[in-house]
Amino acid sequence: MCWQVYNRLQSLYQGSKNVDKYFKKIKITIIKDNIFEDREATMAWFLNGLNRYITNVAELQHYLKIEDIVCMATK
């Protein structure tokens, strides 16, 4: 993967967006840049960009898919 694409993914963060909008931005970036990473990498990018409080709560939960994290983070 090109380093510019990797940097773009790592620079995404939730900020004032709700969790669903943030997740949609990640999915759009992955599709637009034709990224074929494993799900663990995608989950790590997602968790890294969430607001810190949500990340702290999410890391205590058990999940297997990114959709599980999104659902939990939305709550």
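The values are calculated or read from the model by the stated rules, or taken from the named source; none is laboratory data. Predicted model, so just to flag it, every value in this text is computed and none were measured. Cβ sites come from the backbone with ideal geometry, for glycine too, and all protein chains shown count toward neighbours. For accessibility, only protein heavy atoms count, side chains too; no ligands or nucleic acids. Shrake-Rupley method; radii C 1.70, N 1.55, O 1.52, S 1.80 Å.
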Compute the separation of the alpha-carbon centres of the range 3-41 and the range 47-75 and state it in Å as a whole number. 15
With all protein chains present, how much of the accessible area of the chain (probe radius 1.4 Å) comes from carbon and sulfur, to the nearest whole percent? 54
Check each of the GluC sites (Glu not before Pro) in the range 3-75 and keep only those in coil by DSSP with at most 12 other C-beta atoms within 10 angstrom; list them in order. Glu59
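Whole number in Å², please: accessible area per residue of the chain, 1.4 Å probe, ligands, DNA and RNA not counted. Mind dumping the intermediate values first?
Numbers: 5250 Å² over 75 residues.
For the chain, the per-residue accessible area is 70 Å².
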On the formula 1/(1 + (r/R0)^6), with r taken between the Cβ atoms of Gln4 and Arg39 and R0 of 30 Å, the FRET efficiency rounded to 0.05 is 0.85
Relative contact order for the chain, counting Cα pairs under 8 Å that sit 6 or more residues apart, in percent: 38
Consider a paramagnetic label point 7 Å from the Cα of Leu47 along Cα→Cβ; state which residues of the range 26-41 have an amide N under 16 Å from it. 38-41
With -39,500 (n - 2.57) per DSSP H segment of 4 or more residues and division by the full residue count of the chain, the 222 nm estimate, nearest 500 deg cm²/dmol, is -19000 deg cm²/dmol
For the chain, longest principal axis from Cα atoms; helix 39-49 axis from its Cα atoms; angle between them, nearest 10 degrees, is 70
What percent of all Cα-Cα pairs in the chain falls into each 5 Å bin, going from 0 up to the bin containing the maximum distance? 3, 16, 31, 26, 15, 8, 1
Roughly how many nanometres apart are two label points built 7 Å out from the Cα toward the Cβ at Lys32 and Ser11? 1.2
Using +1 on the beta carbon of Lys and Arg, -1 on that of Asp and Glu, and nothing else charged, what's the dipole of the chain about the Cα centre, debye to 20? 360
Qualifying chymotrypsin sites (Phe, Trp or Tyr not before Pro) for the range 19-75 [loop in DSSP, other Cβ within 10 Å: at most 11]: Phe36
For a quick check, take a GNM of the chain with Cα springs below 10 Å and name the residue from Leu60, Leu47, Leu12 with the largest mean-square fluctuation. Leu60
